[in-house]
1. At E41 and D29, where each label point lies 7 Å from the Cα along Cα→Cβ, what is the point-to-point distance in nanometres?
2. Calculate log10 I(q)/I(0) of region 115-163 for q = 0.27 Å⁻¹, where I(q) comes from the Debye formula with a single equal point scatterer on each Cα and nothing for solvent.
3. In percent, what relative contact order does region 115-163 have, based on Cα pairs under 8 Å that are 6 or more apart in sequence?
4. Restricting attention to region 90-172, which GluC sites (Glu not before Pro) occupy a DSSP loop and are surrounded by at most 14 other Cβ atoms within 10 Å?
5. For every other residue with a beta carbon closer than 11 angstrom to the beta carbon of N147, add +1 if it is Lys or Arg and -1 if Asp or Glu, then tell me the sum.
6. Return the loop-located trypsin sites (Lys or Arg not before Pro) in region 70-172 (DSSP other than H, G, I, E, B) with at most 16 other Cβ atoms within 10 Å of their own Cβ; answer none if there are none.
7. For region 36-172, just list the percent of Cα-Cα distances falling in each 5 Å bin from zero outward, please.
8. Can you list the residues, at least 5 places off or on another chain, whose amide H is less than 5 Å from the amide H of A165, using H built in the peptide plane?
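Read-outs: derived from the displayed coordinates by stated rules, not from any lab. Note that the coordinates shown come from a computational prediction; the quantities given were computed from them, not determined experimentally. Neighbour counts are summed over all protein chains in view; Cβ atoms, including those assigned to glycine, are modelled from backbone coordinates with ideal geometry.
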Amino acid sequence: MVEYAGRQDTHRTPNPGRNLHEAAEELLDELTERYAVDRRETKEPAGEPLRTVRLVPRHPAAGPLAVIFTDGPGVVLRLGRWFTEPLPGTDDVREAPELVAYLRALAAAHVEGGLWERIRRGLSGSCIETRLIGAGLESARQAPVDNAEARSARREGFAAPVQWAPWPRRAA
């Protein structure tokens, strides 16, 4: 039985020896089954073609989630507009359960509406601020952003903090 976003899932049993790519695939499948989202898959050339799977909620106030499958054992998780978390993956099965749990915790916090993002204007330029809060998880980040991205973000409403809404559940 898997505890996910405060609910128990009896459909799948995690395999602690699996790699991060398999765990990310399983997570994407679970989210697609549980929530009203559109699933989009692309291959993007970046030296090597990378596979990206995006889940876009059917509610405009809920933020997207994307998993970029690297050519190694890791993945890159993107939440909302700016929150990005590279997860390096490992061949050591003893470390894999911790990475899988962290991947699931990040996704659960976002799906439940725990991500805030904003753009802030400062003396030396603009920066993005993100904050992700979930069960046993809190992350706050700040990074510089170029002027074009800052203007675009302000036009889209990110001058004030934006809290992404919880994802809508799929109708039974």
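1. Rounded to a tenth, the inter-label distance reads 1.1 nm.
2. Values returned for q = 0.27 Å⁻¹ are -0.96.
3. Computed over region 115-163, the figure is 42 percent.
4. Details: sites: E95, E98, E112, E117, E129, E138, E149, E156; in loops: E95, E112, E156.
For GluC sites (Glu not before Pro) across region 90-172 that sit outside H, G, I, E and B with at most 14 neighbouring Cβ atoms in 10 Å, the list reads E95, E156.
5. Result for the local shell: +1.
6. Here the trypsin sites (Lys or Arg not before Pro) that fit, given the DSSP loop and packing criteria, are R94, R170.
7. Bins of 5 Å from zero give 2, 9, 17, 19, 19, 18, 10, 4, 1, 0, 0 percent of pairs.
8. A62, G63
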